[in-house]
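Enquirer: Dumping the structure here so I can ask a few things about it.
The values are calculated or read from the model by the stated rules, or taken from the named source; none is laboratory data. Treat the numbers as computed from the prediction; the structure is a model and nothing was measured. Every residue, glycine among them, receives a Cβ derived from its backbone with ideal geometry; neighbour counts consider all protein chains shown. The protein model used for the area step is the full one, side chains on, heavy atoms only, and it has no ligands, DNA or RNA in it. Shrake-Rupley method; radii C 1.70, N 1.55, O 1.52, S 1.80 Å.
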Amino acid sequence: MPHLPDVVLWSIPAFVLLTALELVSYRLHPDDRSEGYEAKDAATSIGMGLGSLLFDALWKIPIVAIYTALYELTPLRVPVLWWTLPLTLLAQDFFYYWSHRGHHVVRILWACHVVHHSSRKFNLTTALRQPWTSLTVWPFYVPMVLAGVHPAAVAFCSSANLVYQFWVHTERVGRLPRPFEYVLNTPSHHRVHHASQGGYLDRNFGGILIVWDRMFGSFVPEGERPVYGLTKNIHTYNPLRVATHEYAAIGRDVKAARSWRERFGRVFRGPGWQPDRPAGGRTTPAAVPERVA
C-alpha cells in the first residue's frame, strides 16, 4: 500500500492561522458588505468539523473494505508516482464535481450535504461545517478504483481537494485575475455556490477546477451580492440538529405521503420536488425541504 501523508492533518495549523487572520481582519477593517463572524455560528461550524472527523473515521471502515474488494477484483493498476498523482487528482476532481452535483439534486444525498450550506455566514469556519453522514459519497469514486487507482490514492486526492476548498470560503478575497477565475474554483465562484438566490441555486459545483461547471452548463459568475444559507433557514446552533434536520424532514414527508410514488419522490427526487395534486387537494407537505445555491 502506498504511504501518502494525511493532508488534512498536516493542514490544521494553516486552517487555524488563516482563520485567526481573517477574524482579525474583520476586527481591524469591518466591512458592512460582508457577513463576517458570529460567535455561535463559528462555534457550530467548528463543532461540526470536529464531529465529522469522528464520524468519517467510522464510515471509513466499510468504505475501505468495499474499495479494497473492488481494487482486488480489477486487473488494472495505476502506479502511485510523481507524474500519476496529478492525473489522479484531476480524475478525482472530475468525479467530485458529479458527487457534489448529485448531492444537490437528489434529496437523500442533499440531506447529507445540506449541513455545509446551513450557515448564514460565509467565512473560513464555514469550510469546517462538514456533514456527519458522508457515507453517501463513496459510490461516486468507484470508477477510479475499478480503473486501478489504489484506494489510498483516492483518499489522498479527496483530502487534497478538501484542503484546497478551505480558502475559497471567504469574502475577504475579491475576484482574481481572469486566467485564475476561468480555470480554478475561487472565492468569487464559491460565494455563488453558497448563495440562496434563485439565479445562484445549484451552480458552481467544482472543487479545485471550475472548468467542469463551464463544460457541463452549471457555471454562473458572481453578480449581485450573495445571500448565504438556505431558502428556508433552520435557526439552530445545535450540532445534532444541524446534522440531521433534513433526514427528519424526509421522514415526516414520507410518513405524510399518499402513495408509493410520492414516497419515492420525497426521497430520491430533488429537494424542492412536490407531487402533483388533484384540483382542490391539499398541496402543503409535512415539511418544506430547505434549498441552497
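Enquirer: Using a simple charge model, +1 on the beta-carbon of Lys and Arg, -1 on the beta-carbon of Asp and Glu, nothing else, what dipole does the chain show about its Cα centre, in debye to the nearest 20?
Expert: Its charge dipole is roughly 920 debye.
Enquirer: Which order do the peptides 117-130, 71-84, 190-203 come out in when sorted by mean C-beta neighbours inside 10 angstrom, highest first?
Expert: Top to bottom by mean Cβ count within 10 Å: 117-130, 190-203, 71-84.
Enquirer: Follow-up question, since we're still on this one. Show which lysines lie in cross-link reach of LYS232 when reach means a straight Cα distance below 17 angstrom and same-chain residues fewer than eight apart are skipped.
Expert: Excluding near neighbours in sequence, the set is LYS121.
Enquirer: Right, another one. Where the centre of each part is set by its Cα atoms, how far does segment 187-260 sit from segment 2-70, in angstrom?
Expert: 19
Enquirer: Give the span of the chain's Cα atoms along each principal axis, as three whole-Å numbers ordered largest to smallest.
Expert: 64, 55, 36
Enquirer: State the percentage of accessible surface on the chain attributable to carbon and sulfur atoms; use a 1.4 Å probe and exclude ligands, DNA and RNA.
Expert: Numbers: 10140 of 14840 Å².
It is 68 percent, rounded to a whole number.
Enquirer: For the chain, with the dipole built from +1 on Lys and Arg beta-carbon atoms and -1 on Asp and Glu ones, taken about the Cα centre, which of THR186, PRO86, HIS104 lies farthest toward the positive end?
Expert: Looking along the dipole axis, the top candidate is HIS104.
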